[in-house]
Amino acid sequence: MSRKVRKVMVDMSVTLFHYGHVRILRKASKYGKVIVALTKDKEIKKFKGYFSEMNYLQRKEMLESICYVHKVVPSNFMINDKFLKKHKVGLLVHGNDNKNKLNKKKILILKRTSGISSDLLRKKSLNIIKNVNKR
């Protein structure tokens, strides 16, 4: 008799991919097949105020190459119950910066990896460029 595998979703923008993303995907994979709800370009612009360094298709291709990821689907910035139901997902896994308004039974909050984020990488890169240009 085959065991039914649970599907879990991780929503992310992945504007700059880093090891914090890998860690949450690895942790989420322990709960079932991981479907990544990848934020669409226009939603990143709307909620973060900029366009990502990589477009949706580039970010999707990168995520699809990761062993923990079963599938990548386009998403809005905010995930709702209707979206989870559409993709037959029972659990959303998110870092403790979660802003999604879901039933607490449908969300698993994991501690974010400290010291890393796409915004921190972006700022660090800009500082390096500024310092190089000062020489």
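The values are calculated or read from the model by the stated rules, or taken from the named source; none is laboratory data. Every value quoted in this text rests on a predicted model; they were computed, and no experiment measured them. No Cβ is skipped: glycine too gets one built from the backbone with ideal geometry, and neighbour counts run over all protein chains shown.
Of all the residues in the stretch 8-22, those that are modelled with pLDDT of 95 or more and over 10 Å from the mean Cα position of the chain (by Cα) number 1.
Annotation note: of ASN100, ASN96, ASN76, the sole residue that is under 14 Å from the mean Cα position of the chain (by Cα), under 15 Å from SER13 (Cβ atoms) and surrounded by fewer than 16 Cβ atoms within 10 Å (Cβ to Cβ) is ASN76.
When ILE109 is tested against (1) over 11 Å from the mean Cα position of the chain (by Cα); (2) in a strand (DSSP E or B); (3) within 24 Å of SER125 (Cβ to Cβ), exactly one condition is not met: (3).
Considering every residue within the stretch 22-43, establish whether at least one is farther than 22 Å from LEU108 by Cβ and β-branched (Val, Ile, Thr). Looking for residues that are farther than 22 Å from LEU108 by Cβ and β-branched (Val, Ile, Thr), one finds none in the stretch 22-43, hence no.
Summed over the stretch 46-103, the residues that are at pLDDT 95 or above, assigned to a loop (DSSP other than H, G, I, E, B) and under 17 Å from ARG26 (Cα atoms) give a count of 4. Residue count for the stretch 84-135 under the criterion of being aliphatic (A, V, I, L, M) and in contact with an Asp or Glu (Cβ under 8 Å, 6 or more places away or on another chain): the result is 2.
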